[in-house]
Amino acid sequence: MSRIGRMPIAVPSGVTVEIAENNHVTVKGPKGTLERTLPSEMEIKLDGAEVTVTRPNDLKRMKSLHGLTRTLINNMVVGVTDGYTKELIVDGVGYRAAKSGKTLTLNLGFSHPVEMTDPEGVECTVDANKIIVKGIDKEKVGQYAAEIRDKRRPEPYKGKGIRYADEVIRRKVGKTGKK
């Protein structure tokens with residue numbers, strides 16, 4: 001049995017979970033509403049304040065979908081109650097981030113500023129050299145943070161670029177002169 005898949009999902013008060021046909025799950029909470037159609041092979045049951053996921057058989061595909069389905073529902077429940085945040089740090093001389101309205105403007109040493117518009121359901125704020133991406137959908141928050149980081153990845157020699165707050169950059173030793 002999948003260790004993650006068999007764990008029940010506790011539904012906190014103020015959150016409603018609805019399961020329609022074809023495993024279309026809707027989670028409503030204080031921060032908003034999330035909808036997702038999950039694999040139809042999995043059996044999702046709502047028992048009071050708990051959601052359980054069971055699989056029909058022990059085929060390899062069913063085993064892999066079991067844990068995934070449970071985690072996706074859990075991420076939806078956590079998203080509508082607490083939300084998700086990703087923190088990015090802009091590091092480098094002359095590298096700056098600014099926010100105006102829904103547009104994030106990044107000065108990253110290119111000949112032009114890089115402009116990005118916040119996707120729907122995701123909001124980002126800039127505090128000095130930190131970019132904080134917030135939202136209720138874990139997938140969208142992670143994707144937008146990755147897209148921002150992709151504009152100038154951290155390089156190994158000086159450590160300049162955009163990195164996650166918890167990311168450790170493996171540094172390399174530069175060139176040495178002739179003897």
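The values are calculated or read from the model by the stated rules, or taken from the named source; none is laboratory data. Worth saying up front: this structure is predicted, and the values here are computed from it rather than measured. Just so you know, the surface numbers come from the protein's heavy atoms only, side chains and all, with ligands and any DNA or RNA stripped out. Shrake-Rupley method; radii C 1.70, N 1.55, O 1.52, S 1.80 Å.
Before moving on, here are some points about what is shown:
- In the chain, the DSSP-assigned H stretches of four residues or longer account for a calculated mean residue ellipticity at 222 nm of -6500 deg cm²/dmol, using -39500 (n - 2.57) per stretch and the full residue count as denominator.
- What the chain shows is 63 Å² of accessible area per residue, with the surface traced by a 1.4 Å probe over protein heavy atoms.
- Across the chain the C-alpha pair distances fall into 5 Å bins from zero in the proportions 1, 8, 14, 15, 13, 11, 10, 10, 8, 5, 2, 1, 1, 0, 0, 0 percent.
- Scattering curve values for segment 37-104, log₁₀ I(q)/I(0), Debye with Cα scatterers, q = 0.18, 0.21 Å⁻¹: -0.77, -0.93
- Where Cα atoms sit under 27 Å apart: lysine pairs in segment 56-142 separated by 8 or more or lying on different chains: 19
- Angle between the chain longest axis and helix 60-81 axis [Cα atoms, degrees, rounded to 10]: 70 degrees
- Rounded to the nearest whole Hz, the Karplus-based 3J(HN,Hα) values (6.51 cos²θ - 1.76 cosθ + 1.60, θ = phi - 60°) of segment 142-149 follow the sequence x, 5, 5, 4, 5, 5, 5, 4, with x at glycine and proline.
- Excluding same-chain neighbours fewer than eight residues apart, the lysines reachable from residue 45 by a Cα-Cα span under 17 Å are 28.
- Atom-type composition of the exposed protein surface of segment 1-97 places 50 percent of the accessible area on carbon and sulfur (1.4 angstrom probe).
- Rounded to the nearest Hz, the phi-derived 3J(HN,Hα) couplings of segment 116-121 under the Karplus curve 6.51 cos²θ - 1.76 cosθ + 1.60 (θ = phi - 60°) are 10, 9, 4, x, 5, x, where x marks glycine and proline.
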